[in-house]
Amino acid sequence: MGTPSDKKLINENGVRLDGRGDEEIRPIRITTNVLERADGSAFMEWGGNKIMVAVYGPREAYPKHTQDIEKSVIKARYNMAAFSVDERKRPGPDRRSTEISKVISEALSAAVLVEQFPRTQIDVFIEVIQADAGTRIASLTAASVALASAGIPMRDMVVGCSAGKVEDRIVLDLSKDEDNFGQADLPMAVLSKSKKVVLVQMDGDLSKEEFGKATGMVLQATDRIAEIQRKALSEKYNIENLSESNTGGE
Amino acid sequence: MGTPSDKKLINENGVRLDGRGDEEIRPIRITTNVLERADGSAFMEWGGNKIMVAVYGPREAYPKHTQDIEKSVIKARYNMAAFSVDERKRPGPDRRSTEISKVISEALSAAVLVEQFPRTQIDVFIEVIQADAGTRIASLTAASVALASAGIPMRDMVVGCSAGKVEDRIVLDLSKDEDNFGQADLPMAVLSKSKKVVLVQMDGDLSKEEFGKATGMVLQATDRIAEIQRKALSEKYNIENLSESNTGGE
Amino acid sequence: MGTPSDKKLINENGVRLDGRGDEEIRPIRITTNVLERADGSAFMEWGGNKIMVAVYGPREAYPKHTQDIEKSVIKARYNMAAFSVDERKRPGPDRRSTEISKVISEALSAAVLVEQFPRTQIDVFIEVIQADAGTRIASLTAASVALASAGIPMRDMVVGCSAGKVEDRIVLDLSKDEDNFGQADLPMAVLSKSKKVVLVQMDGDLSKEEFGKATGMVLQATDRIAEIQRKALSEKYNIENLSESNTGGE
Amino acid sequence: MPKDARGVLSEIKKGYISKRLKEGLRGDQRKLSEFRTIRIEPNFIPRAQGSAFVHLGKTKVLVGIKVESGEPFPDTPNQGVLTTNVEMLPMAFPTFEPGPPNEDSIEIARVVDRGIRESKMIDLEKLCIEPGKKVMIVFVDIDVLDYDGNLIDACTMGVVTALHTASYKVDESSPETKLPVRSMPVSVTMVKIGDELVCDPDLEEEQMSDTRLTVTFTEDGHVRAMQKGGVGYLSMDQVKKGIDMSEEAGNKIREYIKQVI
Amino acid sequence: MPKDARGVLSEIKKGYISKRLKEGLRGDQRKLSEFRTIRIEPNFIPRAQGSAFVHLGKTKVLVGIKVESGEPFPDTPNQGVLTTNVEMLPMAFPTFEPGPPNEDSIEIARVVDRGIRESKMIDLEKLCIEPGKKVMIVFVDIDVLDYDGNLIDACTMGVVTALHTASYKVDESSPETKLPVRSMPVSVTMVKIGDELVCDPDLEEEQMSDTRLTVTFTEDGHVRAMQKGGVGYLSMDQVKKGIDMSEEAGNKIREYIKQVI
Amino acid sequence: MPKDARGVLSEIKKGYISKRLKEGLRGDQRKLSEFRTIRIEPNFIPRAQGSAFVHLGKTKVLVGIKVESGEPFPDTPNQGVLTTNVEMLPMAFPTFEPGPPNEDSIEIARVVDRGIRESKMIDLEKLCIEPGKKVMIVFVDIDVLDYDGNLIDACTMGVVTALHTASYKVDESSPETKLPVRSMPVSVTMVKIGDELVCDPDLEEEQMSDTRLTVTFTEDGHVRAMQKGGVGYLSMDQVKKGIDMSEEAGNKIREYIKQVI
């Protein structure tokens, strides 16, 4: 978590700065099959986050020594566009994106029926076009949709949300300011139906009770977000959708 | 083109600063087979440019996935020596040299009978030892001689020259100052006999009429430069040549 | 050698600053088989130097084009830990460590019976944990012990020492100050029994007579150091050894 | 066309495209100088100082502009800095690989940059804050999201739109200022198939061809940048015909951009 | 577990380990929450500003701290800087390769760093010399010398020990100052084998498992950092049980560290 | 000898060279201590501050000197900086590859640099403009154009010639000044073939040998730098004999350089 500071994150009426209730998540919109070349794709807006995900595969794993003779290898690549953050980011992977790519790859591996495609890889390319806190969870949630839209067999969808602590209150889905100046951030993702945990990271300061409360709130939220995933997959893509969502943005 | 400036490029007598007429090119000297190890080589002086070119091949293309089963791949590598320019250049390729290597490779590919050597590559290593404007055209013109000196079958020689605009006049073969402070630069290269265009780039500001005039002047100049290429190839290399040319330089 | 300076390296009693005689070397301690995974290993303390060496192999040389069909290739990798020197060193190889890795590899190649293991490589990983002048010779001397502890057949041990010139005196085994402010440094290593020279480098200023004196002193010292090597190899490793040596350090 | 996208086309398809072209028809019924449908969404990334999402047929590129303060180059102490980078994202095509820009994306970035720069589109002198010390740096970054041919033109029209709609602050407390732009360059890229030049090639047409020509015009009808690409050649007449075609096609693009900004 | 160390275990051995675990017994007789023997030697590298040689079972890591002056980050002008780097040296395991940190060593470094940082262990504001201009930078560098599982915990305990024993000078002429530390975080890593979580896995246990969980606690019983790793999953109950186990095991480690510093 | 140039020699040729050497004759009739024909052209690159084109037999290297202002190293605030870089260009030999310097070119650059540096050839203190702030940096860059053995000596003689003929300006408006040089080091490289040392080995002789020795002398007869290379060994007597040979051969080279500068 960021630097301790005097920044107020709860206003005089006891409400979060963007007016959300403690368990209220930001607006989410997912559109599928927005790309021509990819085998599957999804465009996700979650608050101010804009994330494009493309899936290629299963295809022969390359280089050969990365092949697993028993299953498909999921290779997620989380990348931030140079213009996605306030200060221009130099293109290319850094330590943060390397770690996020790893935990997303692992979380997706628990959901895909990887045993069905030995010696292959499934590439999940994630491009964060605009970043607004919670990009790893938004990316993972969108990636799950993109995998499904590519027709890749999965035992379950992956769906996530983050909880956090702000002025000693446990709240859902931290905003950018809450992420920068809050007390704790707990991104978590589960298999949609079984609620098995496939991603959990935490940084900040939580008592065991607070941890229990936070994870409970996340689990509830994943039901709502999973519903948005299902709706996105049932809609047929039409080009106006993407357009509307953009012009409607910010 | 460079920065607009008050730099005068035409003197009070209406003549270019180095005294050349508008269609006059700088002195060119080409010596072949100056290197022991290379299959063919050429040393080119063009004005203050000094450029060494070595050719190796055809040899098996490596790595294998770069092989073309139908033809030889020309791999030109344009490189500037650290000491070739006013401010010391860090060794290694940069974006400019990568682009120049690409357009030179493509221009040479149009001249070499690449169909005769499938699965091979022909390496053309270009080292700019001293740079004085117009290095890409000088390199390409020298590379064509080096290829011929290596005995590589070609449908035609490649020969080039640049034209440009200086104080609203179209002139041939820009000098360093004219390149830095002029209004347009148009490097062009053609197949020697057929005059097919194998390289053309332009930057600056030219009306369509000016473009027509400039390209006309380049085409005429290529005949003169092609004659110098032919002479170089008919001379037998002798070590004194290189020496004279050096001591006579500048 | 370092910068000329007013730094005194010999005290008013005509003795080196650390009290050593001209032909006295710093305390040396070697412990073998200190690592679990490596095929052989040695931990060396020489003055303030602390160096860990691990040996893996012979194993198939990789990548394949590095294989020698007639012998094993010794690949020493000399690396300095970030915290081993006064100012933190960026991790990864630099030009100095590349050169040292090369001369150590070559020196060890002269000692190992490389002909017995064609197409293989023997990796010698050297980690300088704390540097205190003379690391290349200490590393090489320790590497020879690590190779022996791995059971790799050798025609002879490699053993080295450095001599140098300090305030016009030839002395053995330069200290850090003597290395930084002295007049010459001559690291040398030989095959233990035959005294064949397998590594020699020099920088500074030595007359031919001084060179003769310095090399003579090194040859004598190598007998003493070879005895320490032999003792280390005959002791069985026990974990207390390493511990004692550490707590006893400095 | 990026190298690794070559040779995917079947011989049968090639023959068909070639035959139709001789009849003056392209695969999708376009005329030789006709572009595919263009759709540009400006301000797609509100957090950037300027941006544009370009759909050129099925090709999609996203341009983002960041304007930050920094040091000028020593030889132009009174001028801001323009820098252009193209990322051919691995999501855009099956054979695109992650990693630093390769020669294809470097060429595209440099041709796009040259067109903008030589058109004196940005008044760089107005971006000087303190001569020799502090100027504004205009970072143009382009994400190629979906590749179906003609990246140079898609990128150029995106950059021009994004720059025309960009505004920046010198620092946190400064007022927001429009980026000083003063021209509207447009690039037009053609490939040679058989003996014909066709504008705005899609992927199949790029695969059919070994020669590419790009011409960048400003509204005054002047050529500002050119680039021939590919291992083939052009006759001088073809070059001149290409310039005429590109002026005509470019004017239509310029009209479209004016509508969206 | 680093990827390239996977799959070395024979099926027979796997079956044996699994069977024993069901009986509550680990290969080396440890209980599920029990760590291997820990031995930490502080000040192993006198020339560093702080250091520790950690033996965790047969795993060996060496931590060195360098404290140097430098510039603060623009967004935290009043704070020193902490940076953590892990080198999985090729000497530590047959398949480790030289080169820049791979995703495994980056993850380890970041999890270790997060535990230290979120525990507010170092009072970074006390490391500010001149706001915005000059602060102390704490370089934490870790050499992995010998790999037999559970690098995260070995590294964390080494870093905590080294930081607690570190002292530095602002410059040559300054007096030596203790590094301002104010908490003692401990990480505990578990892997899931079958349905059981076991603490401090050795290499064989890591090879048996596809799910890892790390929890970092401070002495106030608060969780400061967590990281799930691996391609498997955990039930919510297992996560909570893991937290309980890690608190218990962590307290013992903390007691040991207090003895050696 | 660069590694990838090894093993090209046929066994028959090896036998022949070996046999002749026993008779005291080298392939090209040279005596054991004799260099091939040397030709050095100073000022080959007028735009550089110093330069030299060296022909050593068929080996060709080109040295260029750039002198630019910059910051001193923190530990030598009163001294200019010397930096030496060798590029073994792919044009010089069929197996040389483009890319950053490999261990061969790094070793050559460092041995050449050491000879120049330890001979105190450049008076670096005279290159200090403002202590701690601004000094002149002497960039020595060497292009290897054609490789037929003994690059170290070819490079050293080129650098010495180029430095002796170099002049520079502190900035645009300053007067031109000769580079302050005060000695003339010469390196002599030998390889061991059978039991004999031969000076200035050509490529074939390098391929015959597995042991190399380089000695750099100044005109006062003092050794300034030495380097043994290769996987073979030398007896102490051979080392001393090598020193004697190199002094003799080096003096002749020094005479030649004096003529051309």
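Looking at segment E:235-245, is at least one residue polar (S, T, N, Q), crowded, with 24+ Cβ neighbours inside 10 Å and either within 12 Å of chain A (Cβ to nearest Cβ) or more than 18 Å from residue A:186 (Cα to Cα) (or both)? No, every residue in segment E:235-245 fails to be polar (S, T, N, Q), crowded, with 24+ Cβ neighbours inside 10 Å and either within 12 Å of chain A (Cβ to nearest Cβ) or more than 18 Å from residue A:186 (Cα to Cα) (or both). Residues in segment F:184-204 that are modelled with pLDDT of 95 or more and of a type in the set (D, E, K, R): F:192, F:200, F:202.
Of the residues D:248, D:196, D:206, the single one that is surrounded by 24 or more Cβ atoms within 10 Å (Cβ to Cβ) and either touching a residue at least 24 places away in the same chain (Cβ under 8 Å) or within 12 Å of another protein chain (Cβ to nearest Cβ) (or both) is D:206. On the stretch given as segment D:50-69, residues that are out of contact with any Leu (no Cβ under 7 Å at 6 or more places or on another chain) and of a type in the set (Lys, Arg) total 2. Within the set A:110, A:81, the sole residue that is at pLDDT 95 or above and either among the hydroxyl-bearing types (Ser, Thr, Tyr) or under 26 Å from residue A:180 (Cα atoms) (or both) turns out to be A:81. Residue B:197 passes every criterion in (1) surrounded by fewer than 21 Cβ atoms within 10 Å (Cβ to Cβ); (2) free of Cβ contacts under 8 Å to residues at least 12 places away in the same chain apart from (1). Among the residues of segment E:57-73, the ones that are in contact (Cβ under 8 Å) with a residue 12 or more places away in the chain and either over 19 Å from residue C:36 (Cα atoms) or more than 10 Å from chain C (Cβ to nearest Cβ) (or both) come to 10 in all. Of all residues in segment D:189-227, those being part of a loop (DSSP other than H, G, I, E, B) and closer than 22 Å to residue B:185 by Cα number 6. Within segment F:84-106, identify whether any single residue is within 19 Å of residue F:181 (Cβ to Cβ), more than 10 Å from chain B (Cβ to nearest Cβ) and either part of a strand (DSSP E or B) or more than 14 Å from the chain's Cα centre (by Cα) (or both), and answer yes or no. Yes, segment F:84-106 contains a residue that is within 19 Å of residue F:181 (Cβ to Cβ), more than 10 Å from chain B (Cβ to nearest Cβ) and either part of a strand (DSSP E or B) or more than 14 Å from the chain's Cα centre (by Cα) (or both).
So that you can scan it fast, the table gives a plain yes or no per residue for (1) surrounded by fewer than 24 Cβ atoms within 10 Å (Cβ to Cβ); (2) without any contact (Cβ under 8 Å) to a residue 24 or more places away in the chain; (3) in a loop (DSSP other than H, G, I, E, B):
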site: D:145; (1), (2), (3): no, no, no
site: D:156; (1), (2), (3): no, no, no
site: D:171; (1), (2), (3): yes, no, yes
site: D:175; (1), (2), (3): yes, yes, yes
site: D:187; (1), (2), (3): no, no, no
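Evaluating residue B:24 against the criteria (1) within 20 Å of the chain's Cα centre (by Cα); (2) in a loop (DSSP other than H, G, I, E, B); (3) within 11 Å of another protein chain (Cβ to nearest Cβ) leaves one unmet condition, (3). Do we find that residue E:54 is assigned to a strand (DSSP E or B), more than 10 Å from every other protein chain (Cβ to nearest Cβ) and more than 19 Å from residue C:89 (Cα to Cα) in this structure? Against the criterion (assigned to a strand (DSSP E or B), more than 10 Å from every other protein chain (Cβ to nearest Cβ) and more than 19 Å from residue C:89 (Cα to Cα)), residue E:54 qualifies. Under the condition of being more than 7 Å from every other protein chain (Cβ to nearest Cβ) and among the charged types (D, E, K, R), the residues counted in segment A:98-122 number 2.
Take residue C:48 and tell me if it is in contact (Cβ under 8 Å) with a residue 12 or more places away in the chain, surrounded by fewer than 22 Cβ atoms within 10 Å (Cβ to Cβ) and either over 23 Å from residue F:229 (Cα atoms) or not polar (S, T, N, Q) (or both). It is true that residue C:48 is in contact (Cβ under 8 Å) with a residue 12 or more places away in the chain, surrounded by fewer than 22 Cβ atoms within 10 Å (Cβ to Cβ) and either over 23 Å from residue F:229 (Cα atoms) or not polar (S, T, N, Q) (or both). In segment D:147-154, the condition of being more than 14 Å from chain B (Cβ to nearest Cβ) and part of a strand (DSSP E or B) is met by no residue.
Screening residue C:174 on (1) touching a residue at least 60 places away in the same chain (Cβ under 8 Å); (2) more than 13 Å from chain F (Cβ to nearest Cβ); (3) more than 20 Å from residue F:232 (Cα to Cα) shows it passes everything except condition (1).
A residue that is more than 14 Å from chain F (Cβ to nearest Cβ) and surrounded by 24 or more Cβ atoms within 10 Å (Cβ to Cβ) occurs nowhere in segment B:80-97. Each residue in segment E:209-228 was checked for being more than 9 Å from every other protein chain (Cβ to nearest Cβ) and hydrophobic (A, V, I, L, M, F, W, C), and 1 of them qualify. Would you confirm, using the coordinates I've provided, whether residue A:149 is small (Gly, Ala, Ser), within 14 Å of chain D (Cβ to nearest Cβ), touching a helix residue (DSSP H, G or I) at 6+ places or on another chain (Cβ under 8 Å) and more than 20 Å from residue E:228 (Cα to Cα)? Considered against the rule, which asks whether it is small (Gly, Ala, Ser), within 14 Å of chain D (Cβ to nearest Cβ), touching a helix residue (DSSP H, G or I) at 6+ places or on another chain (Cβ under 8 Å) and more than 20 Å from residue E:228 (Cα to Cα), residue A:149 comes out as yes.
For segment B:74-115, a residue qualifies if it is in contact (Cβ under 8 Å) with a residue 60 or more places away in the chain and under 12 Å from residue D:103 (Cα atoms), and exactly one does: B:103.
Consider segment C:206-250 and keep the residues that are within 11 Å of another protein chain (Cβ to nearest Cβ) and in contact with a Ser or Thr (Cβ under 8 Å, 6 or more places away or on another chain). The one that is modelled with the highest pLDDT is C:218. Evaluating residue A:89 against the criteria (1) on the phi > 0 side of the Ramachandran plot; (2) out of contact with any Pro (no Cβ under 7 Å at 6 or more places or on another chain) leaves one unmet condition, (1). Do we have any residue at all in segment E:1-18 that's crowded, with 16+ Cβ neighbours inside 10 Å, within 14 Å of chain C (Cβ to nearest Cβ) and modelled with pLDDT of 95 or more? Within segment E:1-18 (the criterion being crowded, with 16+ Cβ neighbours inside 10 Å, within 14 Å of chain C (Cβ to nearest Cβ) and modelled with pLDDT of 95 or more), the answer is no, since none of the residues qualifies.
Determine, yes or no, whether residue A:34 is touching a helix residue (DSSP H, G or I) at 6+ places or on another chain (Cβ under 6 Å), among the β-branched types (Val, Ile, Thr) and part of a strand (DSSP E or B). So residue A:34 fails the test.
The values are calculated or read from the model by the stated rules, or taken from the named source; none is laboratory data. Since we're looking at a predicted model, the values are computed, not measured. All Cβ positions, glycine included, derive from the backbone under ideal geometry; neighbour counts span all protein chains shown.
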